[in-house]
Amino acid sequence: MITKKVLVIDDEADMREIARIGLEVCNGWRVLLAASGAEGIKVATNEQPDAILLDMMMPQMDGTATLEVLQGDAATSHIPVILLTAKVQAADRQRYAHLNATAVVTKPFDPLMLGDSISQILGW
Amino acid sequence: MRFLLVEDDPTISHTLGAALAEQFYVVDVAEDGQEGLDYTRSFTYDLVILDVSLPRLDGLSLCRQLRREKYTGPILLLTARGETEDKVRGLDAGADDYVVKPCTVPELMARVRALLRRQRSADAPVLEWGFLRLDPSSGQVTYRDRPVKLSPKEYSLLELLLRHPRRLFSRSAILEHLWSLGDFPGEETVKAHIKGLRRKLSLAGARDVVETVYGMGYRLRPGSEQLNEGGEQEAGDASARVRSALDRAWERFSSMIYDRLESLERVAAALGTANLLEADLARAADDAHKLIGSLGPFGLVRGSQLARAIESHLQSLQSQPPAIATVDSQLETQLETQTGSSPSSSTPHFPSLRDRPSYLQPSPVIQQALNQLLGDLRREIQNRQPLGRDRLLIGYIGSDPSWYHSLVAAASQGDAPMEVVMLEEPFTWDALPTSDLPGAIVMPWNDPAQPAVLAALLSLRRRQRDLVTIALVQRNDPAALMDLAQGGWDADWVVDQPIDGLIQALGQYQSDRRTMDRQRVLAINLPSPAVSLLRRCCQQQQWELACASQPQRVCATMAASRPDIIVLSAHGSPWDGVVWTRALRSDIFGGQRIPILVLAEGATSTTVHHLYQAGVASCLLDPLGVDPLIRALQDCLAQSLRPEIFKGWISSQ
């Protein structure tokens with residue numbers, strides 16, 4: 001089993017916990033958690049995770065703003081970012097397609113399959 | 001595998017017997033044809049090896065006789081060099097192959113393996129079950145290419161099961177196959193070897209391969225070959241752990257989810273009133289959005305869908321997008337038509353519809369839909385079932401750790417997912433989330449005065465209605481039983497029950513209990529108010545309900561789909577509950593083992609007595625509501641699922 005380090009940035013505590021359970025228990029990955037965009041950027045810079053799961057709808061600094069900072073900083077721009085969103089409208093999808101994120105994972109997701117989806121997306 | 005070797009030359013029978021035994025085959029030797037025939041009539045053999053020239057009854061006659069007596073296993077003939085005619089006659093007599101004497105042992109073994117292989121549908125020289133492989137030519141067993149070291153008997157057991165992958169073997173059948181005439185082991189020996197085999201396979205990673213069919217025997221667990229492929233067994237374990245972890249997370253986060261639901265309900269109630277601000281609406285839409293993401297992973301997939309629909313409605317009220325504008329325009333048109341004005345009139349009769357925000361003037365269609373969705377969502381959340389309920393948590397209460405260790409060992413060998421935990425005083429169930437509550441309690445009853453324990457168990461039963469409680473009581477200690485009964489513990493008890501049997505019974509119970517998620521209820525001859533009530537119960541529990549009144553229809557319904565429970569009325573014409581119960585217990589209806597719940601409001605004590613005498617599981621004498629009826633149905637179902645082993649049921653209810 002490949003051990004990976006994944007950062008989950010989500011303002012909702014239950015969603016952070018669900019992602020942590022899925023990735024830690026099923027995949028044995030180390031999961032870092034951040035409750036806001038600002039906190040996430042700090043953790044990403046210091047911990048250099050292998051991937052970031054980023055919730056799009058957050059107060060203050062939302063997913064789009066967080067992604068811009070992550071991609072604009074040489075310390076984090078190489079880290080693949082997967083967007084988490086419950087938005088499924090075509091217009092939203094189109095908007096996300098222009099954000100230059102690696103992929104979009106739609107909520108609700110199956111915590112048992114989350115790690116497999118990430119592995120597939122990132123070729124792990 | 002057990003073979004019969006019919007050979008009158010002691011040198012040959014000794015050499016061949018020893019060579020076969022080295023390959024873990026069990027060999028009985030008969031010295032003449034008649035003895036060989038007698039043996040085959042008394043025992044089951046997987047292969048018969050015959051010499052052609054035999055005293056009393058020659059090999060060819062024996063071969064013909066065996067085929068006449070429907071022996072279907074392979075027969076291998078041993079013929080002398082040059083006796084071509086013998087070979088032909090032997091094959092014509094029903095033999096499957098021949099070996100010319102003197103033959104080498106490797107050649108004979110190769111023939112034996114080939115013959116056994118032909119018995120299997122698959123033609124593979126190596127016996128396989130997923131990643132588990134047994135190579136009869138080398139006597140090697142491997143799992144995922146790693147060797148599994150087995151004792152000779154464990155090896156033979158595994159080979160027997162692998163050669164007949166769909167067959168169920170009773171212990172006596174296994175004894176017959178794997179032990180020779182000189183040995184007289186008891187059935188306990190088979191059990192011990194099965195246990196050893198399971199433990200060694202499990203240590204190698206091949207878990208749950210051998211299944212115990214309670215009261216019947218052993219077989220390869222159907223589907224376990226797939227489970228053990230591709231590491232899916234490991235995935236299965238992880239999945240159980242994830243489900244348990246999610247259940248624990250639900251306990252922590254459900255209050256947050258209820259807060260979001262209540263916020264949505266408040267906004268829906270305030271729609272159209274001046275108390276509602278646009279900001280409240282925006283917050284409610286956010287709450288719905290968050291519920292979309294969080295409900296699904298907790299097993300509430302429909303809840304996520306409902307939340308999405310709610311979000312969409314709330315957003316439409318917020319921003320008045322074209323879709324909703326259309327609804328409102330249609331409404332206006334309708335109203336205008338009703339008031340006789342021209343729809344194309346440029347002067348609106350209801351200027352407020354356009355001037356005021358739509359959340360202050362929501363269309364009745366939207367409002368009704370929203371309320372309906374919220375009602376459904378609340379029900380979904382309230383009825384959430386724990387995801388990890390298929391694991392049975394067994395709590396052990398007692399100061400003697402040896403019982404605890406036996407339980408742990410037995411549970412790890414059992415087929416059902418179980419976990420044994422030692423519970424220590426004080427027992428504070430209230431602090432535990434539902435997913436962490438034990439489903440069974442086992443307790444050696446050696447201390448009659450344990451009021452604290454009894455109180456704790458009663459409080460646990462209040463939260464865990466289908467809890468199984470087991471007291472381990474020595475058979476030679478009837479006084480302890482009296483103490484137990486007097487103590488008011490409404491428990492099952494087990495007298496001197498071996499722990500293995502107990503764990504097996506609990507495993508069976510657990511697997512049956514899982515089926516409680518989708519029950520079939522048959523209502524017979526119920527008055528319409530009772531049917532409506534029952535229908536509401538079934539809708540809430542997502543159980544199937546069928547109704548029938550005429551005997552023919554009842555018979556047909558029961559034959560088409562066996563109900564899990566029958567609900568009757570005590571009263572009725574022309575047949576009352578007693579008559580129905582007696583009839584249902586007959587072979588014609590086939591309802592002997594289906595629990596019957598009787599709605600007996602207003603019934604006399606004599607009627608109730610007759611009902612119980614006829615064999616009903618429970619009578620409800622009080623007027624009913626949905627919740628008490630659901631509880632009564634669940635209790636009846638839970639009781640009916642109890643394994644036979646839990647016969648000593650003392651119930652104060």
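In Å², rounded to the nearest 100, what is the total accessible surface buried by chains B and A against each other with a 1.4 Å probe?
1800 Å²
Return the residues of region A:74-115 for which accessible area with all protein chains present is lower than in the chain on its own by 10 Å² or more; set the probe to 1.4 Å and exclude ligands, DNA and RNA.
Checking the loss per residue gives A:ALA86, A:LYS87, A:VAL88, A:LYS107, A:PRO108, A:PHE109, A:PRO111, A:LEU112.
Give me the tail of P(r) for region A:5-118 as a percent: Cα-Cα pairs with distance above 22 Å.
24 percent
Quick check: with the 1.4 Å probe, what order do B:HIS14, B:HIS177 take by accessible area, largest first?
Of B:HIS14, B:HIS177, the descending order of accessible area is B:HIS14, B:HIS177.
Order B:LYS87, B:LYS70, most accessible first, counting only protein heavy atoms with a 1.4 angstrom probe.
B:LYS70, B:LYS87
Please tell me the relative contact order of chain A in percent, rounded to the nearest whole number, where contacts are Cα pairs under 8 Å and at least six residues apart.
Reported as a whole number, the value is 25 percent.
With the full set of protein chains in place, find how many percent of the accessible area of chain A is carbon and sulfur; take the probe as 1.4 Å.
50 percent
Can you give me the relative contact order of region A:34-106 as a percent, contacts being Cα pairs under 8 Å and 6 or more apart?
The value is 30 percent.
How much solvent-accessible surface does B:SER255 expose, in Å² to the nearest 10, with a 1.4 Å probe and all protein chains in place?
It works out to around 70 Å².
Under a point spin-label approximation (7 Å from Cα along Cα-to-Cβ), what is the B:SER263-B:ALA560 distance to one decimal in nm?
Computed distance between label sites B:SER263 and B:ALA560 equals 4.8 nm.
Compare B:VAL105, B:VAL365 by solvent-accessible area with a 1.4 Å probe and give them largest first, with all protein chains kept in place.
B:VAL365, B:VAL105
Please report, in Å, the Rg and the Dmax of region B:518-641, where both are computed over Cα atoms only.
For region B:518-641, the Cα radius of gyration and maximum Cα-Cα distance read 13.0, 35 Å.
The values are calculated or read from the model by the stated rules, or taken from the named source; none is laboratory data. Keep in mind that what you see is a predicted model, and the values were worked out from it rather than measured. Glycine also receives a Cβ, built like all others from the backbone with ideal geometry; neighbour counts cover every protein chain displayed. Note: areas computed on protein heavy atoms with side chains; ligands, DNA, RNA excluded. Shrake-Rupley method; radii C 1.70, N 1.55, O 1.52, S 1.80 Å.
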